[in-house]
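Take a look at the structure set out below.
The values are calculated or read from the model by the stated rules, or taken from the named source; none is laboratory data. The structure presented is a predicted model; accordingly, all values stated were derived computationally and were not measured. So basically every Cβ, Gly included, is an ideal-geometry build from the backbone, and we count neighbours across all protein chains shown. Note: areas computed on protein heavy atoms with side chains; ligands, DNA, RNA excluded. Shrake-Rupley method; radii C 1.70, N 1.55, O 1.52, S 1.80 Å.
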2 protein chains.
Amino acid sequence: MQDYSWIHTCESSKSDSSGVSNSGESSKESSRCSTPVQDADRTDRLRDKMKRRIESGDHWFSLEFFPPRTASGAVNLISRFDRMGSGGPLFIDVTWHPAGDPGSDKETSSMMIASTAVNYCGLESVLHLTCCNQTKEKITAHLNKAKRLGLKNIMALRGDPIGEDWVEEDGGFNYATDLVKHIRCECDDYFDICVAGYPTGHPEAESYDEDLRHLKEKVDAGAHFIVTQLFFRAETFLKFVKDCRAIGITCPILPGIFPIQGYHSLRQLVKLSKLEVPEEIMQVIEPIKDNDAAIRSYGIQQAVEMCKVLLASGEVPGLHFYTLNREVATIEVLRQLGLWAEDPRRPLPWAVSAHPKRKVEDVRPIFWASRPKSYIYRTQDWDDFPNGRWGNSSSPAFGELTDYYLFYLKSKSPKEALLQMWGEELMNEESVYEVFTNYITGQTNPSGHKVMCLPWNDDPLAPETNLLKDELEKVNCRGVLTINSQPNINGKPSSDPIVGWGPAGGYVFQKAYLEFFTSSENVTALLQVLKKYEPRVNYHIVNVQGKNITNAHEMQPNAVTWGIFPGREIIQPTVVDPVSFMYWKDEAFALWIEQWAKLYEDESPSRMIIQYIHDNYFLINLVDNDFPLDSCLWQVIEDMFTLLDSPPETQEEGSQS
Amino acid sequence: MQDYSWIHTCESSKSDSSGVSNSGESSKESSRCSTPVQDADRTDRLRDKMKRRIESGDHWFSLEFFPPRTASGAVNLISRFDRMGSGGPLFIDVTWHPAGDPGSDKETSSMMIASTAVNYCGLESVLHLTCCNQTKEKITAHLNKAKRLGLKNIMALRGDPIGEDWVEEDGGFNYATDLVKHIRCECDDYFDICVAGYPTGHPEAESYDEDLRHLKEKVDAGAHFIVTQLFFRAETFLKFVKDCRAIGITCPILPGIFPIQGYHSLRQLVKLSKLEVPEEIMQVIEPIKDNDAAIRSYGIQQAVEMCKVLLASGEVPGLHFYTLNREVATIEVLRQLGLWAEDPRRPLPWAVSAHPKRKVEDVRPIFWASRPKSYIYRTQDWDDFPNGRWGNSSSPAFGELTDYYLFYLKSKSPKEALLQMWGEELMNEESVYEVFTNYITGQTNPSGHKVMCLPWNDDPLAPETNLLKDELEKVNCRGVLTINSQPNINGKPSSDPIVGWGPAGGYVFQKAYLEFFTSSENVTALLQVLKKYEPRVNYHIVNVQGKNITNAHEMQPNAVTWGIFPGREIIQPTVVDPVSFMYWKDEAFALWIEQWAKLYEDESPSRMIIQYIHDNYFLINLVDNDFPLDSCLWQVIEDMFTLLDSPPETQEEGSQS
């Protein structure tokens, strides 16, 4: 499943690039609360990040991707963004395909993929843009749309002329320089601009020197950094940098690294880019051309060697990788170079969106903890982040549950896999309890499959939740169907590998949290039991019809995650909020039907079982406010079961106490 | 020093009243941070507080005061507000003296005293207002001014006609009813309005029934509650309430309680108010008329007995006390009734201002901890409390240090007392160290006087600071002149009698804090030492010229007090803020000169010693960010002394390490 669509153009995709900042880099220096955050967009530009990294001698890497062809390809690429983003790229970039409706709202367009990277994956992203055969109006429209979507960086390219009879247009976009000028003219200094450099000269340029002069023009027109076409020898790049510096180009120049991943892809690339593969490489590769594993292994080794020379030269602040949308080779090269962040510092307990408007956001409801993209999607039109705060939840603006938004919600697993995990046929409610229990324990189900996800949890149990595994197992198999939980934490170091987040030298805290579905019979007993836990435990109990029982203050969010750091205000990034819970409730109940019930035939018993749960169960969240003590939430559930197991007279008695 | 000026009018002062809410009552339900606080003014009105207390069967009390005659009387009254406010009155009220320029900006005017009670003492306050012989324009101006100053409640009175030839004016203010109507007409529902009731009928009324009808008119015109003229028998009041209810008066009716405090004051009061003292009381008092203590003791006993009957009747939600600006008798009555709050809950670590605009304020710099009135005064024009937050400290609006503002800063002790405490003659800087040390230890100085206050601390050491007494003593006697400090706290219950604050069931935290003056030689060593404590300790070191050395983030406040409560967001009410520290610095250095140096003759050695310290010492604050560990700040000071005591070579070495 290789996709070379990006190789079709000489300049627009293959040879140019730019990049990604991950949460490690964009680690917010701001705290929430009393100090309003400065315009985050403008004080944390890609050029500034590069400057800081260059000054501190801290090498970075960036990753280039191309837009996928299909919606399911897009879902996969977004997962890849998450995984590769966790390694700490300074930026990613997404190529532009003039023929593929790149500026549209399609799930697969360059614009939407870059927007997803920024908004949902929290990656600093560079959008490619080509200008050849485009009107100024069209380009301006693209720029405005990019701005609106939160994109802050453009890779300005000429792109290949369409058709063979292309001639320069007077006043049109004939070169990337024209595009750079247009961007600066239309958008002033808003975008950080990247341009392409050719270590061996652009194939269409009259000469290497002529091409260098073109590059100088692009930079002089307002570009902030250069990413180069790929090359195979370190000295090629180092000479190029020297020549650039000699004619007065002073901005960062990032080498484009292409780890060879296969014989055919290399051949095709070389043909399209008009590059020559050095003899010493061809000599190694030709003999093993049918052994993909051997070639990939060689490609990794070759890239690592070259990168080491580049980094050692002192001329290279960061490396830019042509990933071909694959991850193994690039990650391996980065690991061997020591640039892959194995444990990137988390600035907040959840992934921060890189949208300029949302960078200042520093509190979220806990409910979407396992569904962060859904949360961002549903609040995308939410203008109400006053000073980055949660805002007045009495007027929330959670988007409606629409079909379109399910793109961001849809399970990554195909229907067959889901049926294997969740059961081809359900016998009764207990069958559902078993699915939940197997998900918690990681054991295989009777048909021999592990339950790797649930409609509310795309991924296996989080390491933090794993701490609660035994207790979770016990309650799930009795019909307390947990979908979200966190242990209490009374001041662990912010560097803790499992629960830590935020700047060094701090302490993080949590209140124990438990969220689950359970039957209305259980709820009756639970409400009895909860009387004994006032005011220690706050609860919200709702059903799909909107019945809502709570002992929480109507409008008060309950902070359940917070951190104390040296020289800062308190940060309290996760809350249980009564109002947003009612919106989450709609989503949580909808997932029973959309993701689970619909796997089965209409009117089938399996479907009716899920429908019954959807219609009759309650969704409950519990917070134990006494974070310094051992969580009492397990005892609450235990007490509920005890009450249910006791003879009816005792229950009556209980209700009078 | 008795002041009966208020007795001069029949209606305007003596017989009417209204009241005070203290911080216990106004305990803010809001937390800071993400949820914007609702319009605090309008959701927490006096009438609503009364309603809640009536519903919960929670009896309250209120206190009436009259404006003092002199500025020093005002300073004393403000201290009394603080002391009596701590007992938990629902409100206080301040009488109106038409002849005494009551609406002016004088320190002694009714308007300014009521404003001080609200703004600086955090007391819910009712301002009296009389309308007789006043123009509508004048009354409207008073109302607008009261509104501007943060007053929310008016006691609407007719007042006594000036001169003997008074006749009703057409369209003028002839009765309190006219004033009530005018307030409702001009200010809509803004003010809560109180009117006066006469249990034995107004002396000028044609009849008791006629007077009841007048009262009904006042209530119908828009009054929210009634406070009565004083009386001597419970049954007088209870009959009055019954009669009021019978004609349809449904609002709260508060009995005016007058604990008899002396024979002559009682006689004069009776004469002016045209009340008759019951025979059984006169029989007790006449024989002991020259024994003030005996009469006061009887007065207390008589008031307690009567109040018990009133409260037991179920008709009396709260008691209103005519204090005569004295505290002993009233407090004793309240103590015996069990209404005096011995340990009022603190909603925040500092006293909350009752100004509607400032009620939402929930964070302050720690620097003014011992000078809260000065802080409020200096930030009174500060509009920048967005959502009750500290706001962007980069544009603070701390008022200038002006002479006028020193009214709120001036020491309560006379010059002679200060000289006795701080030394008639200073020999050298060490004499100053001794003053500080004696203040800490509470020991008498060589001339036999205890140091009860310092220019930076009006009161003896706070109980919390007392926890640090031994360490403070050690460093002060060596010239580390501490003016503010707090111990670290790692999660004590919010109910802790010394360090607790906020709602029940919570936990409070603090970072250790130390603020002191010390010589520039010490600062040189301190800076050496502090290198070892990076980044654990944050410091700011400034001198009077504005030299400013810090390792703190330029714009980041450091939260040093915070609390975690059930079902709420985190509250972080005290911060160390780099910008406000520069303003505090001006005040802190000014106090050396204004309060201390000026006690001595110009050019005198004593004055020159203080001037020298003012000119050459630094003001330093230290925060230990590692709140779960034992404070390292004492070790920092210890290390500084060790370095100073070591031979010069070692110091050199130290500077290279």
Inset, instruction - Tell me, please, whether a residue that is within 27 Å of the chain's Cα centre (by Cα) and either open to solvent by 30 Å² or more (accessible area, probe 1.4 Å) or charged (D, E, K, R) (or both) can be found in the range A:521-540. - result: no
Inset, instruction - Find the residue count for the range A:552-605, including only residues that are more than 8 Å from chain B (Cβ to nearest Cβ), modelled with pLDDT of 90 or more and in a loop (DSSP other than H, G, I, E, B). - result: 5
Inset, instruction - Using the structure shown, decide if B:SER79 is out of contact with any Asp or Glu (no Cβ under 8 Å at 6 or more places or on another chain), under 18 Å from B:LEU324 (Cβ atoms) and modelled with pLDDT under 90. - result: yes
Inset, instruction - Could you run through the range B:541-573 and say how many residues are open to solvent by less than 10 Å² (accessible area, probe 1.4 Å) and of a type in the set (Ser, Thr, Tyr)? - result: 1
Inset, instruction - Name, by its number, the condition in (1) crowded, with 21+ Cβ neighbours inside 10 Å; (2) in a helix (DSSP H, G or I) that does not hold for B:ALA354. - result: (2)
Inset, instruction - Could you please give the count of residues in the range B:104-124 that are open to solvent by 10 Å² or more (accessible area, probe 1.4 Å) and part of a loop (DSSP other than H, G, I, E, B)? - result: 7
Legend entry - Neighbours by Cβ (under 6 Å, 6+ apart or cross-chain): first from the range B:532-546, farther than 19 Å from B:SER580 by Cβ; second polar (S, T, N, Q): B:ARG536/B:ASN625
Legend entry - the range B:363-403 - residue that is part of a loop (DSSP other than H, G, I, E, B), at pLDDT below 75 and touching a Pro at 6+ places or on another chain (Cβ under 9 Å) and, of those, farthest from the other protein chains (Cβ to nearest Cβ): B:TRP382
Legend entry - Total residues in the range B:510-532, condition closer than 28 Å to B:ALA462 by Cα, of a type in the set (S, T, N, Q) and away from every other protein chain (no Cβ under 14 Å): 3
Inset, instruction - List the number of the failed condition for A:GLY256; all other conditions in (1) within 24 Å of A:PRO317 (Cα to Cα); (2) surrounded by fewer than 16 Cβ atoms within 10 Å (Cβ to Cβ); (3) not charged (D, E, K, R) hold. - result: (2)
Legend entry - Breaking point among (1) over 22 Å from the mean Cα position of the chain (by Cα); (2) crowded, with 20+ Cβ neighbours inside 10 Å; (3) at pLDDT below 95, for B:CYS187: (2)
Legend entry - Positions within the range A:185-217 being assigned to a helix (DSSP H, G or I) and under 17 Å from A:GLN134 (Cβ atoms), in sequence order: A:CYS185, A:GLU186, A:CYS187
Legend entry - From A:VAL360, A:VAL277, residue being of a type in the set (Val, Ile, Thr), closer than 26 Å to A:LYS51 by Cβ, assigned to a loop (DSSP other than H, G, I, E, B) and open to solvent by 10 Å² or more (accessible area, probe 1.4 Å): A:VAL360
Legend entry - Within the range B:490-509, considering residues that are of a type outside the set (Gly, Ala, Ser) and within 11 Å of chain A (Cβ to nearest Cβ), the one farthest from the chain's Cα centre (by Cα): B:ASN490
Inset, instruction - Specify the residue that is surrounded by the most Cβ atoms within 10 Å (Cβ to Cβ); the eligible residues are those in the range B:461-489 that are more than 21 Å from B:TRP584 (Cα to Cα) and under 20 Å from the mean Cα position of the chain (by Cα). - result: B:GLU464
Legend entry - the range B:197-216, subset of a type in the set (Gly, Ala, Ser) and within 21 Å of B:VAL180 (Cα to Cα), residue surrounded by the most Cβ atoms within 10 Å (Cβ to Cβ): B:GLY197
